[in-house]
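Structure record follows, encoded as structure tokens.
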Amino acid sequence: MGQLFWKLFLAIWLAQVTAAAGVGALVSWHHRSEREAMGGVSVRGHAALGVGAAADVLRWGGLAALRDFLAEAGEGRGSPVYAVDERGRDLLGRALAPESLEQARLWARTGDYPRQIREIPAQDGHRYLLFMPVPEALPDEPPPLPPYRHGRPPPWLVLGVAGALTSLLFSAWLAWYLSKPIRHLRSAFAALSQGRLETRAGPDMGRRRDELADLGRHFDHMAERIGHLVQAQRRLLHDVSHELRSPLARLQAAVGLARQRPDQAGASLGRIEREAGRLDALVGEVLTLSRLEAGMPGARVEEVDLGELVESIVEDARFEAAAKDVAVVCPELGEIPVRGYGELIYRAIENIVRNAVKHTLPGGRVTLEIDAASDARRVRLAVLDQGPGVPEERLAAIFEPFFRNADGGGPEGFGLGLAIARRAVEAHGGSISARNRPEGGFRVDLAWCREL
């Protein structure tokens, strides 16, 4: 058992013991206050019965009968009835607290409790005040029950011990119930910190339906997310190392050629410059993708006119497409205000449009379709080309980093454009999908929220 178990156990048990002691003290104080308010005179229901019976005996049987009745009643275990004359003497000569007698006389004069306190005239010319004092008002009142009978403990001791044991067991169970899932979570965190990313805490929670079970499910979600991120980083590192080998090998070859043939150093320097540019572009793409994978876009949220942004991309794409005799068609766009990462939106659309231009066959056409009016919360954009398309079995992988459609022909790149586009769209709460067109060519659909 850990420290948390014992802390919970002691806290719960002490709270229950304190609460029980407090309730007992309040009940005792209430009874004491009630007795003090009575002034030593009982006004409960049994007092009315005893005083009424004594009054009937005195009225119909006389003093002798009342004396016998009080003597027999005093031998029982109930509270006795007193018959006191004007001088304060009890009929049987019993001692009585002066406060009780004064309170009884006061209530008799005011008429309070007429059934519990009666003043009856007798044949000897005296008036007798009949009332029943509470046990505390009797100086020599014996205890109502002996502390032990036939070797058995008193009921209050049995109840006290049973209550303490029940409280002890309940506190132990509750402390165990609360600390058990925390122990499982602690073990899961320790396993996760040691690199066991497959660790899950949910199965150990059982059928619990409380905040601790929710915490276990959140831990599983966190562990799964961390696992995906680590796997993505490992895959990205592997792919980057693979991509860097080719330009680095060409750089080494160009340096070696320049050393062997100084007369061709100019051509070698040109090759070195091109390969350095490729490396710089590759590093930039990888950094962008890494930031998006980590959920840190690296750009500020701003108001963007999507119509103006798309027109700028189309203008640049037409300049590039003119060399291939490819047309880029886009409808007239008005002002389309959106709020988000303007740089990422630009990169996503530009990568898709340039990819479509690269793979469209000469004499073909790239078409942009945008829908910003039907849904006030989302913007939809489609880019259609007339290229060779992508084999169906490879469609699911085109948005993965470093994917190349080698079978589709066309120029090769780093294979990061569509991967960056997908992460950029997802950063805006949107989605992206692709499919082959029945009439030939390829189609990419994007949708993202207007307000980030």
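The values are calculated or read from the model by the stated rules, or taken from the named source; none is laboratory data. Small disclaimer: the values here were computed from a predicted structure and weren't measured. With ideal geometry, Cβ positions are generated from the backbone for all residues, glycine too; neighbour counts draw on all protein chains shown. In case anyone asks, the SASA skips ligands and DNA or RNA and just uses the protein heavy atoms, side chains included. Shrake-Rupley method; radii C 1.70, N 1.55, O 1.52, S 1.80 Å.
When Val134, Val161 are compared by accessible area of protein heavy atoms, the largest-first order is Val161, Val134, using a 1.4 Å probe.
When Arg291, Arg377 are compared by accessible area at a 1.4 angstrom probe, the order from most to least is Arg377, Arg291. Backbone phi angles across region 181-188, fed through the Karplus curve with coefficients 6.51, -1.76 and 1.60 (θ = phi - 60°), yield HN-Hα couplings of x, 5, 5, 4, 5, 4, 5, 5 Hz in residue order; Gly and Pro are listed as x.
The charge dipole of region 287-375, taken about its Cα centre with unit charges on the Cβ atoms of Lys, Arg (+1), Asp and Glu (-1) only, comes to about 500 debye. Annotation: amide H-H contacts under 5 Å for Leu333 (H modelled 1.01 Å from N, sequence separation of 5 or more, or interchain): none. Between amide H atoms placed 1.01 Å from N, distances below 5 Å from Ala201 occur with Asp220, all of them 5 or more places distant or on a separate chain. Of the listed residues Ser187, Ser268, the order by accessible area with a 1.4 Å probe, largest first, is Ser187, Ser268.
Given a 1.4 Å probe and the protein chains as shown, Phe131 ends up with an accessible area of around 0 Å². Listed values for region 11-21 are Karplus-derived 3J(HN,Hα) couplings in whole Hz (6.51 cos²θ - 1.76 cosθ + 1.60, θ = phi - 60°), namely 5, 5, 5, 5, 5, 5, 5, 5, 5, 5, 5, and x replaces Gly and Pro. Remark: the Ala397-Ala122 segment gains 87.5 nm on full extension, using 0.36 nm per residue and subtracting the alpha carbon distance. Once all protein chains are placed together, His46 keeps about 90 Å² accessible to a 1.4 angstrom probe.
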